[in-house]
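Input: a single structure, listed below in structure tokens.
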Amino acid sequence: MTNEEYLKHIKELISNTAQDSIEYVILWKEHVLFTWQWWFSLVLFVVPIIVWFFIRKKNSTDRLLYPGIIVLLSASWLDFMGNNFGLWYYPYKLIPSIPPYIPFETFIVFEVMLLLQYKPKSSPFLKALILGLFNSFVSEPLLSWLGIYVVVHWSNFISLPIYILIYLLADYFSKRNKMNNLDAP
């Protein structure tokens with residue numbers, strides 16, 4: 001394939017993707033927006049943010065938001081990859097864009113920040129295992145049962161170590177002190 005043929009093929013793929021996206025938004029507006037699944041997704045997105053705002057330790061906000069952002073980026077990227085490669089999909093999305101299901105990523109961030117905030121001296125491995133077991137064997141099956149998360153080629157057992165690693169990464173970044181060592185301007 002020549003470079004010109006390659007560029008022509010890429011242009012066709014992008015054009016097809018854009019057309020598919022337009023069709024998806026139309027379908028979403030007609031069949032998802034304001035359904036009970038959409039309202040459930042909205043609640044799953046908004047409630048953890050509001051709850052965290054009120055129960056967080058105010059002096060720990062920055063320390064918790066830093067790993068929270070890392071968790072959000074990690075979970076969203078992994079969710080995008082799984083969705084993009086057809087391992088799972090979400091027929092009832094809050095918004096018809098990426099990340100595929102932002103309410104669940106937000107919920108994971110909420111869980112991680114709660115685990116980081118409470119009992120900070122507890123074993124991070126135990127907390128990671130709790131997060132992994134809960135999301136792999138309670139949250140994902142519940143979303144699947146509700147029809148919001150459809151598994152194509154995936155196993156909850158594969159999700160478990162991923163959630164564990166995400167928590168351990170967050171725990172690591174929550175304990176970093178590099179920001180405190182910077183000179184003030």
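Annotations for the structure displayed:
- Selection status of Pro161, within 30 Å of Lys29 (Cβ to Cβ) and modelled with pLDDT of 95 or more: no
- When Ile70, Ile50, Ile55, Ile26 are screened for being more than 17 Å from Val151 (Cα to Cα) and within 14 Å of the chain's Cα centre (by Cα), only Ile70 passes.
- Enumeration of residues in region 1-57 that are open to solvent by less than 100 Å² (accessible area, probe 1.4 Å), in a loop (DSSP other than H, G, I, E, B) and modelled with pLDDT under 95: Thr2, Arg56, Lys57
- Among the conditions (1) among the basic types (Lys, Arg); (2) within 21 Å of Thr61 (Cα to Cα); (3) in contact (Cβ under 8 Å) with a residue 24 or more places away in the chain, Lys93 misses just one, which is (2).
- Filtered by the rule that a residue be surrounded by 15 or more Cβ atoms within 10 Å (Cβ to Cβ) and more than 14 Å from Leu78 (Cβ to Cβ), region 97-111 gives Pro103, Thr106, Phe107, Phe110, Glu111.
- Filter result (outside any helix (DSSP H, G or I) and under 18 Å from the mean Cα position of the chain (by Cα)) within region 153-179: Trp154, Ser155
- Listed by first and then second residue, the pairs with beta-carbon distance under 6 Å, at least 6 apart or on different chains, first residue in region 119-145 and surrounded by 20 or more Cβ atoms within 10 Å (Cβ to Cβ), second modelled with pLDDT under 95 and hydroxyl-bearing (Ser, Thr, Tyr), form an empty list.
- The set of residues from region 154-173 being crowded, with 16+ Cβ neighbours inside 10 Å, of a type in the set (Ser, Thr, Tyr) and under 14 Å from Ser123 (Cα atoms) comprises just one member, Tyr167.
- Leu115 being in contact with a helix residue (DSSP H, G or I) (Cβ under 7 Å, 6 or more places away or on another chain) and in contact (Cβ under 8 Å) with a residue 24 or more places away in the chain: yes
- Residue-level analysis places Ser60 outside the set of residues that are in contact with a Pro (Cβ under 6 Å, 6 or more places away or on another chain) and either assigned to a loop (DSSP other than H, G, I, E, B) or at negative phi (or both).
The values are calculated or read from the model by the stated rules, or taken from the named source; none is laboratory data. If you're wondering where the values come from, they're calculated on a predicted model, not measured in any experiment. Don't worry about glycine lacking a Cβ; one is built from the backbone with ideal geometry, like all the others, and counts go over all protein chains shown. Just so you know, the surface numbers come from the protein's heavy atoms only, side chains and all, with ligands and any DNA or RNA stripped out. Shrake-Rupley method; radii C 1.70, N 1.55, O 1.52, S 1.80 Å.
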